[in-house]
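**Q** I am attaching a structure below and will ask some questions about it afterwards.
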Amino acid sequence: MAPKKNTTLTQNLDWVAVLIYILCVLIGWFNIYAAVYSPEVPTDIFDLSHRAGVQMMWIGTTVLLIICILVIDYKFYDTFAYVIYGAFVLLLVAVLFAGSEINGSRSWIKIGSFSIQPAEFAKLATSLALAKYLSDPAVSLTRSWKDYVPIAGIIGIPALLILLSNETGSMLVFASFAIMLYREGMPGIIPAVGIVMAILIVLTLLVLKWFIALGILVVAGLVIWLMPKATRKGGGTMATVVVAGLMIAVVFGMDFFINNVLQKHQRSRIMVLVDPYSDPRGAGWNVIQSKIAIGSGRLSGKGFLEGTQTKFDFVPEQSTDFIFCTVGEEHGFIGSALVVLLFVGLIMRLAVLAERQRTRFARVYGYCVAGIIFFHFMINIGMTIGLMPVIGIPLPFFSYGGSSLWSFSILLFIFLKMDSQRPYTLSRT
C-alpha cells in the first residue's frame, strides 16, 4: 500500500539543507550590515534607508516565495518546465531592447525603484528544461551524440543572450551544467579536455609558449609510446597527434584571442589574475584590497563592525560580489572556514539528496542546483583571494540583492519540495 501523501508544508522537508540555508542567509545579512556600516552615521540593521534594511525586506519576501513553492504541487515544475524556460528566454531577449544598464551590464528590468535581473533566474529555468529533456527515457548521453544537440541548444540560447547583455559572469555559470551532464553519462574526456584547456590558457600567461609546446610534444610522445599496439594501429596515434596539435594551436593563439577578441576590461581582468600589481589603481585594485582585508583578519578577525578596510570603503562592491572580504576581515580564518564549511556541507547534502531521487527529472534538477551553487561559491571566493578572475557573480545567500536571493532560494526550495515528495513518487529513472 502506498504511503499516505503529506498534508503539511514541511513534512519530509530536509531540515539539514534548510538549516544550512537559514544560517547562510542570516550570516550574509549581518555581513551586509557590516559592509555598509558607517561609524560616522551609525544606523541599525533594520534601517530601510540602508542596504541591510532593504535586504531584510528581500528576506521577508523570500519567505513568502518559499511558502508558495511548498504549496504548489511538485508535478507543476515537470509539467511546465519548457513553458518556464521559454518565458525567461523571452525576458532575456526583452532586456536587450528595453533593459536598464547598471554597472555596464544591460541585463536589468527596472520598474520604478525596483530592479530585477532575469539572468539570475535563467539558470533556474535552464535547470528545469534540462531535467525535462533528460527525463525522457529515449534520451541517453552514452548511446548517441545526437542527444547532445538539444542540450547544447537549451544551455546555449540563454547563455548567448546573457553574453549579449554584457553579463559575462552569469554566462560562465552555465558551464556548471557539465557536472550534471557528467553524472548522467557524458564521457569524462569532455570535461577533462575543458579543464586541460583552462590550465593551458593560464600557463600561456605565465610560461614561455615554446616551453609549453615542447612539454605537450613530450607528453604526446610518451602517450603514443606507452599505448598498446592495437590502440596505436587503430587510430590512437592519429588521435593523440590531433589533440596535441589542437593544444599547441590554443597556446599560440592565445595572444590573438586576448588582444583581438576580448574587450579591454576582460583583458585587464585576465592580466590582473596573473599579476594584480600590473594595474594596482585600476583593474587590480579590487583584488589587492580584498586580499589585504581578508589577510588582516588573521585567525579570529578584528571583530564585528571593526573592520578598517570595510569601514573606509577600500573594497568596491563589498556588500555584493566581495562580501566574503567582510567575513575574512571581521571574523578571520575561523569565520571564513565556517562559511566554506557551510557551502561544502550544503553542496554535499544536495548531491546526497539528488542520488536518492526516484525520478530522473528530480535527480537531474538536483545536480543542476548543486552545480550552480558550487560554481558560484568557487568563483566568488576564489576571486576575492586572487585565485580566480573577477567576473562579478554573487555569493549565494550572502551577497546583497533581491534577484540573487530570490533566484537561489527558489532554485533550492523547488528541489527540496521534489525531495519531500520522494516517498510518494513512482520510480522512473
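The values are calculated or read from the model by the stated rules, or taken from the named source; none is laboratory data. Keep in mind it's a predicted model, so treat the numbers as computed, not measured. Cβ coordinates were reconstructed from backbone atoms using ideal geometry, including for glycine residues, and neighbour counts include every protein chain displayed. Areas reflect the complete protein model, heavy atoms only, side chains present, ligands, DNA and RNA absent. Shrake-Rupley method; radii C 1.70, N 1.55, O 1.52, S 1.80 Å.
**Q** As an exercise: evaluate Met383 against (1) farther than 26 Å from Asp419 by Cβ; (2) in a helix (DSSP H, G or I); (3) touching a Lys or Arg at 6+ places or on another chain (Cβ under 8 Å); (4) among the hydrophobic types (A, V, I, L, M, F, W, C) and give the number of the one condition it does not meet.
**A** (3)
**Q** Only one residue in Leu160, Leu203, Leu246, Leu217 is over 30 Å from Leu96 (Cα atoms), at pLDDT 90 or above and assigned to a helix (DSSP H, G or I), so which one is that?
**A** Details: Leu160 fails: over 30 Å from Leu96 (Cα atoms); Leu203 fails: at pLDDT 90 or above; Leu246 fails: at pLDDT 90 or above.
Criteria check complete, one pass: Leu217.
**Q** Quick check on the stretch 222-238. Is at least one of its residues within 18 Å of Gly194 (Cβ to Cβ), in a helix (DSSP H, G or I) and touching a helix residue (DSSP H, G or I) at 6+ places or on another chain (Cβ under 9 Å)? Steps first, answer last, please.
**A** Taking the stretch 222-238 and keeping what is within 18 Å of Gly194 (Cβ to Cβ), we get none.
Checked the stretch 222-238: no residue is within 18 Å of Gly194 (Cβ to Cβ), in a helix (DSSP H, G or I) and touching a helix residue (DSSP H, G or I) at 6+ places or on another chain (Cβ under 9 Å).
**Q** How do the helices (runs of 4 or more DSSP H) wholly within the stretch 268-364 filter down when requiring 1 or more residues that are under 30 Å from Phe80 (Cβ atoms): which remain? Even if it seems obvious, please write down each step before you answer.
**A** Working: elements: 285-296, 308-311, 323-355.
Those helices (runs of 4 or more DSSP H) span 323-355.
**Q** Evaluate the following for Ile157: is it touching a Leu at 6+ places or on another chain (Cβ under 8 Å) and either touching a residue at least 60 places away in the same chain (Cβ under 8 Å) or crowded, with 19+ Cβ neighbours inside 10 Å (or both)? Show your work before the answer.
**A** Details: touching a Leu at 6+ places or on another chain (Cβ under 8 Å): no; either touching a residue at least 60 places away in the same chain (Cβ under 8 Å) or crowded, with 19+ Cβ neighbours inside 10 Å (or both): yes.
Taking the combined requirement at face value, the residue does not satisfy it.
**Q** Here's another thing I want to ask about it. Just to be sure, is Leu305 aliphatic (A, V, I, L, M) and surrounded by 13 or more Cβ atoms within 10 Å (Cβ to Cβ)?
**A** Details: aliphatic (A, V, I, L, M): yes; surrounded by 13 or more Cβ atoms within 10 Å (Cβ to Cβ): yes.
Taking the combined requirement at face value, the residue satisfies it.
**Q** Taking the condition of being over 34 Å from the mean Cα position of the chain (by Cα) and among the hydrophobic types (A, V, I, L, M, F, W, C), how many residues in the stretch 178-234 meet it?
**A** Looking only at the stretch 178-234, we keep the residues that are over 34 Å from the mean Cα position of the chain (by Cα), and these are 210, 214, 217-218, 221-234.
The next check asks that each one be among the hydrophobic types (A, V, I, L, M, F, W, C); those that pass are 210, 214, 217-218, 222-227, 230.
Counting residues in the stretch 178-234 that are over 34 Å from the mean Cα position of the chain (by Cα) and among the hydrophobic types (A, V, I, L, M, F, W, C) gives 11.
**Q** Further, regarding this structure: Among the charged types (D, E, K, R), open to solvent by 20 Å² or more (accessible area, probe 1.4 Å), touching a helix residue (DSSP H, G or I) at 6+ places or on another chain (Cβ under 8 Å) and closer than 16 Å to Ser176 by Cα: does that describe Arg358?
**A** Details: among the charged types (D, E, K, R): yes; open to solvent by 20 Å² or more (accessible area, probe 1.4 Å): yes; touching a helix residue (DSSP H, G or I) at 6+ places or on another chain (Cβ under 8 Å): yes; closer than 16 Å to Ser176 by Cα: no.
It is false that Arg358 is among the charged types (D, E, K, R), open to solvent by 20 Å² or more (accessible area, probe 1.4 Å), touching a helix residue (DSSP H, G or I) at 6+ places or on another chain (Cβ under 8 Å) and closer than 16 Å to Ser176 by Cα.
**Q** Quickly run through the stretch 174-200 and pick out the residues that are open to solvent by less than 60 Å² (accessible area, probe 1.4 Å), farther than 26 Å from Ala249 by Cα and either assigned to a helix (DSSP H, G or I) or in contact (Cβ under 8 Å) with a residue 60 or more places away in the chain (or both).
**A** Across the stretch 174-200, the qualifying residues are Phe177, Met180, Leu181, Glu184.
**Q** Of these, Gly345, Gly392, Gly371, Gly401, which one is modelled with pLDDT of 95 or more and buried (at least 20 other Cβ atoms within 10 Å of the Cβ)? Even if it seems obvious, please write down each step before you answer.
**A** On the way: Gly345 fails: buried (at least 20 other Cβ atoms within 10 Å of the Cβ); Gly392 fails: modelled with pLDDT of 95 or more; Gly401 fails: modelled with pLDDT of 95 or more.
After ruling out the rest, the residue left standing is Gly371.
**Q** State all residues of the stretch 140-154 that are crowded, with 17+ Cβ neighbours inside 10 Å and more than 22 Å from the chain's Cα centre (by Cα); if no residue qualifies, say none. Before the answer, list the steps.
**A** Taking the stretch 140-154 and keeping what is crowded, with 17+ Cβ neighbours inside 10 Å, we get 141, 147, 151, 154.
Those that are crowded, with 17+ Cβ neighbours inside 10 Å and more than 22 Å from the chain's Cα centre (by Cα): Leu141, Asp147.
**Q** Could you tell me how many of the residues in the stretch 38-78 are over 25 Å from the mean Cα position of the chain (by Cα) and in a loop (DSSP other than H, G, I, E, B)?
**A** Within the stretch 38-78, residues that are over 25 Å from the mean Cα position of the chain (by Cα) and in a loop (DSSP other than H, G, I, E, B) number 15.
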